[in-house]
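The values are calculated or read from the model by the stated rules, or taken from the named source; none is laboratory data. These numbers were taken from a predicted model, which means no experiment stands behind them. Note that we place each Cβ from the backbone using ideal geometry, even for glycine, and neighbour counts take in every protein chain shown. Heavy atoms of the whole protein, side chains included, go into the accessibility calculation; ligands, DNA and RNA do not. Shrake-Rupley method; radii C 1.70, N 1.55, O 1.52, S 1.80 Å.
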Amino acid sequence: MTLSAVPAAAQSIQTPAWSGSIGYTHLDGDNADLGAITGRLDARLHPNFGLEGEASIGVRDDDITVAGVTGSIEQDYDAAGYAVGYLPINPNLELFGRIGYGTTRIKADIAGFEASEDGESVNYGVGANYFFDGVNGIRGDITRRDFTDDNGGKIDTYGVSYVRRF
(Lines give C-alpha, C1' and ligand atoms only; values in the text may rest on other atoms or scores of the structure.)
Protein backbone atom coordinates (compact mmCIF):
# COMPACT_ATOMS: atom_id res chain seq x y z
CA MET A 1 0.00 0.00 0.00
CA THR A 2 2.82 2.42 0.78
CA LEU A 3 4.48 1.74 -2.56
CA SER A 4 1.38 2.75 -4.52
CA ALA A 5 1.01 6.02 -2.54
CA VAL A 6 4.58 7.17 -3.25
CA PRO A 7 4.18 7.43 -7.07
CA ALA A 8 0.86 9.27 -6.65
CA ALA A 9 2.47 11.83 -4.34
CA ALA A 10 5.41 12.28 -6.70
CA GLN A 11 3.07 13.02 -9.60
CA SER A 12 1.37 15.88 -7.71
CA ILE A 13 4.65 17.84 -7.37
CA GLN A 14 4.94 20.34 -10.19
CA THR A 15 7.66 22.73 -11.28
CA PRO A 16 7.28 26.37 -10.21
CA ALA A 17 5.22 28.73 -12.35
CA TRP A 18 7.42 31.72 -13.23
CA SER A 19 6.58 35.36 -13.88
CA GLY A 20 8.55 38.56 -14.19
CA SER A 21 7.68 42.22 -13.92
CA ILE A 22 9.20 45.60 -14.63
CA GLY A 23 7.84 48.95 -13.55
CA TYR A 24 8.18 52.18 -11.64
CA THR A 25 8.42 52.45 -7.84
CA HIS A 26 7.88 55.70 -5.94
CA LEU A 27 9.76 55.88 -2.62
CA ASP A 28 8.23 58.14 0.01
CA GLY A 29 10.80 58.78 2.75
CA ASP A 30 10.85 61.16 5.69
CA ASN A 31 13.05 63.68 3.89
CA ALA A 32 12.78 62.82 0.19
CA ASP A 33 10.52 61.54 -2.58
CA LEU A 34 12.50 59.31 -4.94
CA GLY A 35 11.79 57.05 -7.90
CA ALA A 36 13.23 53.79 -9.24
CA ILE A 37 12.84 51.25 -12.02
CA THR A 38 12.09 47.88 -10.41
CA GLY A 39 12.42 44.38 -11.85
CA ARG A 40 11.10 41.20 -10.21
CA LEU A 41 11.22 37.47 -10.75
CA ASP A 42 8.53 35.32 -9.08
CA ALA A 43 8.45 31.56 -8.56
CA ARG A 44 4.94 30.31 -7.71
CA LEU A 45 5.48 27.11 -5.75
CA HIS A 46 1.80 26.56 -4.88
CA PRO A 47 -1.42 28.34 -5.92
CA ASN A 48 -1.24 30.29 -2.64
CA PHE A 49 2.53 30.61 -2.00
CA GLY A 50 5.64 31.72 -3.83
CA LEU A 51 9.02 33.40 -3.62
CA GLU A 52 9.98 36.74 -5.15
CA GLY A 53 13.26 38.53 -5.81
CA GLU A 54 13.41 42.20 -6.72
CA ALA A 55 16.03 44.78 -7.64
CA SER A 56 15.67 48.51 -8.30
CA ILE A 57 17.85 51.26 -9.72
CA GLY A 58 17.14 54.88 -8.83
CA VAL A 59 15.97 57.15 -11.67
CA ARG A 60 14.45 60.15 -9.85
CA ASP A 61 16.25 62.19 -7.23
CA ASP A 62 15.06 64.91 -4.88
CA ASP A 63 16.51 68.20 -3.67
CA ILE A 64 17.68 68.47 -0.08
CA THR A 65 19.08 71.33 1.98
CA VAL A 66 21.67 70.76 4.70
CA ALA A 67 22.95 73.75 6.72
CA GLY A 68 21.66 76.13 4.06
CA VAL A 69 23.40 74.27 1.19
CA THR A 70 21.23 72.66 -1.50
CA GLY A 71 22.04 69.28 -3.00
CA SER A 72 20.37 66.12 -4.23
CA ILE A 73 19.56 62.70 -2.83
CA GLU A 74 18.75 59.53 -4.77
CA GLN A 75 18.32 55.82 -4.35
CA ASP A 76 21.37 54.17 -5.87
CA TYR A 77 19.94 50.64 -5.76
CA ASP A 78 18.04 48.12 -3.67
CA ALA A 79 17.62 44.36 -3.66
CA ALA A 80 15.22 42.20 -1.66
CA GLY A 81 13.80 38.71 -1.33
CA TYR A 82 10.22 37.90 -0.27
CA ALA A 83 7.89 35.09 0.72
CA VAL A 84 4.54 35.81 -0.96
CA GLY A 85 1.04 34.60 -0.11
CA TYR A 86 -1.58 34.77 -2.91
CA LEU A 87 -5.36 34.93 -2.77
CA PRO A 88 -6.82 34.21 -6.25
CA ILE A 89 -10.11 36.10 -6.70
CA ASN A 90 -10.82 34.86 -10.24
CA PRO A 91 -8.64 33.63 -13.15
CA ASN A 92 -7.52 37.20 -13.95
CA LEU A 93 -7.27 38.84 -10.51
CA GLU A 94 -5.23 37.92 -7.45
CA LEU A 95 -4.36 39.71 -4.23
CA PHE A 96 -1.07 39.14 -2.44
CA GLY A 97 0.81 39.89 0.74
CA ARG A 98 4.58 39.69 1.05
CA ILE A 99 7.28 39.82 3.70
CA GLY A 100 11.02 39.83 3.18
CA TYR A 101 14.41 41.33 3.79
CA GLY A 102 16.33 43.83 1.69
CA THR A 103 19.22 46.22 1.36
CA THR A 104 19.06 49.80 0.04
CA ARG A 105 21.80 52.26 -0.85
CA ILE A 106 20.98 55.98 -0.78
CA LYS A 107 23.40 58.53 -2.26
CA ALA A 108 23.59 62.27 -1.56
CA ASP A 109 25.51 65.00 -3.40
CA ILE A 110 25.83 68.34 -1.61
CA ALA A 111 28.15 71.11 -2.83
CA GLY A 112 30.26 68.63 -4.80
CA PHE A 113 30.66 66.17 -1.91
CA GLU A 114 29.16 62.71 -2.30
CA ALA A 115 28.12 60.38 0.49
CA SER A 116 26.24 57.11 0.46
CA GLU A 117 24.73 54.87 3.09
CA ASP A 118 23.51 51.29 3.01
CA GLY A 119 20.53 50.19 5.06
CA GLU A 120 19.17 46.72 5.80
CA SER A 121 15.39 46.46 6.16
CA VAL A 122 12.52 44.15 6.96
CA ASN A 123 9.97 44.72 4.19
CA TYR A 124 6.25 43.95 4.14
CA GLY A 125 3.40 44.90 1.87
CA VAL A 126 0.28 44.09 -0.13
CA GLY A 127 -0.80 44.34 -3.73
CA ALA A 128 -2.74 42.91 -6.64
CA ASN A 129 -2.07 41.42 -10.07
CA TYR A 130 -4.59 41.70 -12.89
CA PHE A 131 -4.01 39.62 -16.03
CA PHE A 132 -5.67 40.73 -19.27
CA ASP A 133 -5.22 37.45 -21.14
CA GLY A 134 -3.78 35.01 -18.60
CA VAL A 135 -0.19 35.90 -19.58
CA ASN A 136 0.13 39.71 -19.67
CA GLY A 137 -0.99 41.92 -16.81
CA ILE A 138 -0.40 44.80 -14.44
CA ARG A 139 0.66 44.87 -10.82
CA GLY A 140 0.14 47.45 -8.11
CA ASP A 141 1.76 47.19 -4.69
CA ILE A 142 2.53 49.09 -1.50
CA THR A 143 5.51 48.03 0.61
CA ARG A 144 7.05 49.41 3.79
CA ARG A 145 10.78 49.13 4.41
CA ASP A 146 11.54 49.13 8.16
CA PHE A 147 15.27 49.78 8.47
CA THR A 148 17.06 47.80 11.15
CA ASP A 149 20.23 49.88 11.59
CA ASP A 150 20.95 52.35 14.39
CA ASN A 151 19.28 55.25 12.57
CA GLY A 152 16.15 53.20 11.90
CA GLY A 153 13.59 54.91 9.73
CA LYS A 154 10.97 53.79 7.28
CA ILE A 155 10.32 54.21 3.58
CA ASP A 156 6.95 53.49 1.99
CA THR A 157 7.05 52.40 -1.65
CA TYR A 158 4.24 52.46 -4.23
CA GLY A 159 4.73 50.51 -7.42
CA VAL A 160 3.06 49.91 -10.77
CA SER A 161 4.47 47.25 -13.10
CA TYR A 162 3.89 45.26 -16.27
CA VAL A 163 3.75 41.52 -15.44
CA ARG A 164 4.44 38.58 -17.78
CA ARG A 165 3.87 34.91 -16.95
CA PHE A 166 6.31 32.45 -18.57
Requested in this report: Kindly report the accessible area of the chain per residue (heavy atoms of protein chains, probe 1.4 Å, no ligands, DNA or RNA), in Å².
Outcome: 57 Å²
Report summary line: Per the rule of 0.36 nm per residue minus the C-alpha distance, extending Ser116 to His46 adds in nm 21.3 nm
**Report entry** Only Lys, Arg (+1) and Asp, Glu (-1) charged, at Cβ; the chain dipole about Cα centre in debye
**Finding:** 1060 debye
Query - Within the accessible area of the chain (1.4 Å probe), percent carbon and sulfur - result: 61 percent
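With only alpha-carbon pairs counted, each pair once and no self-pairs, how large is the Kirkwood hydrodynamic radius of the chain in angstroms? Let's see the in-between values first.
Numbers: mean 1/r = 0.0571 Å⁻¹.
Here the Kirkwood hydrodynamic radius works out to 17.5 Å.
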Requested in this report: Grab the DSSP H runs of the chain that are 4 residues or longer, score each as -39,500 (n - 2.57), total them, divide by all residues and round the 222 nm result to the nearest 500 deg cm²/dmol.
Outcome: -2000 deg cm²/dmol
**Report entry** Farthest positive-ward along the range 9-74 dipole, Cα basis, beta-carbon charges - from Ile73, Ser19, Ala36
**Finding:** Ser19
Query raised in the report: How many percent of Cα pairs in the range 70-143 exceed 18 Å?
Result: 56 percent
